[in-house]
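First comes the structure, then the notes that go with it.
The values are calculated or read from the model by the stated rules, or taken from the named source; none is laboratory data. Predicted model, so just to flag it, every value in this text is computed and none were measured. Every residue, glycine as well, gets a Cβ built from its backbone with ideal geometry; the counts of neighbours run over all protein chains shown. These accessible areas exclude ligands, DNA and RNA; they are computed on the full protein's heavy atoms, side chains included. Shrake-Rupley method; radii C 1.70, N 1.55, O 1.52, S 1.80 Å.
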Amino acid sequence: MLGLEYFSFSALFSPLFLAFMLLVTAAYFVVIGPLSERFAGAEPVSLSKKISFVSGMFILYLAQGGPISLLGHIMFTFHMTTMALSYLVAPPLLMMGLPAWLWRAILKVNPFKKLSFLARPVVAAVVFNGLFSFYHFPAVHDYVMLHFALHRIYYLVLFIASILMWWTLINPLPEKDKASGLTKIGFIFLNMVLLTPACGLIIFSTKPMYATYSDPNTWAQAMGYCVSGDPSKLLQAFGGPTFFNIMSTKVDQQVGGIVMKFIQEFIFASMLGKVFFHWYRAENKEDDDIAPAEFNEGSLNRA
């Protein structure tokens, strides 16, 4: 299916990365379980939080180490799917999976305190969307894809930036969640606007932009980081990425831009509905609390 049958188990499932993700997941359960008594204010973690964290880890693994990651080196559509899963789907699930008492312990570390300004709504939105857009300039994208160490570092920085971006909307600390409903709604629209130019450039481009998906030699070199063996053998066996592609390179690129924008719009529209609902409910609750007080005051004055 989509050419996956031509690759080994190691290439498809990245055993080392899988082992790392399993270790992190195991560490999570140890920390919230046997070691939780070492943290101030620790409380039992609900099943929903555990499911949220495990789901986030699973999605992140699929995007960065599973078959979707390999397909992301073959088709631009899957590359953008990987980006959406890694930075728009997995981060909020992971954030909601960590209990508040663990977040408080993490944020006490000095480096995090010094970087707290990066979590301010406008700063976080500009940093994340700026890094994402910059990465998708053709020259930058191809260069990063061909340099493994830089590729990993850039993805890690982008992941941290996504956490900071999501902080305004998924703030796990009640005492620090000071953004009003209106602020959150404005923040959602800001993110939707900031990502639009990059997606628009990709969608409406009249020619293939990325050598990684159009030039066989560049593709083979990039594939060398996720497939063991001599990259030149990939060229001998398949001739280039078009062997696997069910669409033309140009259409694949356009579909990739649409997929990214659609997933972003869907996720943020869902968040918009959630934020508006909680904001509306909070406003009505305040009105209900004020009304009895005014009634009682009026009754006392008449008495």
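Here are some notes:
- Output for region 34-75, where each listed residue is open to solvent by 30 Å² or more (accessible area, probe 1.4 Å) and part of a loop (DSSP other than H, G, I, E, B): 34, 35, 39, 40, 41, 42, 43, 44, 46
- Out of 159, 148, one residue alone is open to solvent by less than 70 Å² (accessible area, probe 1.4 Å), over 16 Å from residue 263 (Cβ atoms), hydrophobic (A, V, I, L, M, F, W, C) and touching a residue at least 60 places away in the same chain (Cβ under 8 Å). It is 159.
- Test: residue in region 254-274 that is among the hydroxyl-bearing types (Ser, Thr, Tyr), more than 30 Å from residue 165 (Cα to Cα) and open to solvent by 30 Å² or more (accessible area, probe 1.4 Å): no
- Residue match in region 20-39 (condition: aromatic (Phe, Trp, Tyr), touching a residue at least 24 places away in the same chain (Cβ under 8 Å) and under 25 Å from residue 68 (Cβ atoms)): yes
- Selected residue [surrounded by fewer than 16 Cβ atoms within 10 Å (Cβ to Cβ), in contact (Cβ under 8 Å) with a residue 40 or more places away in the chain and not aliphatic (A, V, I, L, M)] from 208, 197, 172: 197
- Tally, over region 117-133, of residues that are surrounded by fewer than 13 Cβ atoms within 10 Å (Cβ to Cβ) and closer than 26 Å to residue 41 by Cβ: 1
- Residue pairs whose Cβ atoms lie under 8 Å apart, separated by 6 or more positions or on different chains, with the first residue in region 108-128 and modelled with pLDDT of 85 or more and the second open to solvent by less than 70 Å² (accessible area, probe 1.4 Å) and part of a loop (DSSP other than H, G, I, E, B), are 119/168; 121/168; 121/179; 124/168.
- Qualifying residue in region 95-106 (condition: at pLDDT 95 or above and open to solvent by 40 Å² or more (accessible area, probe 1.4 Å)): yes
- Residues in region 16-52 that are touching a Leu at 6+ places or on another chain (Cβ under 6 Å) and of a type outside the set (S, T, N, Q): none.
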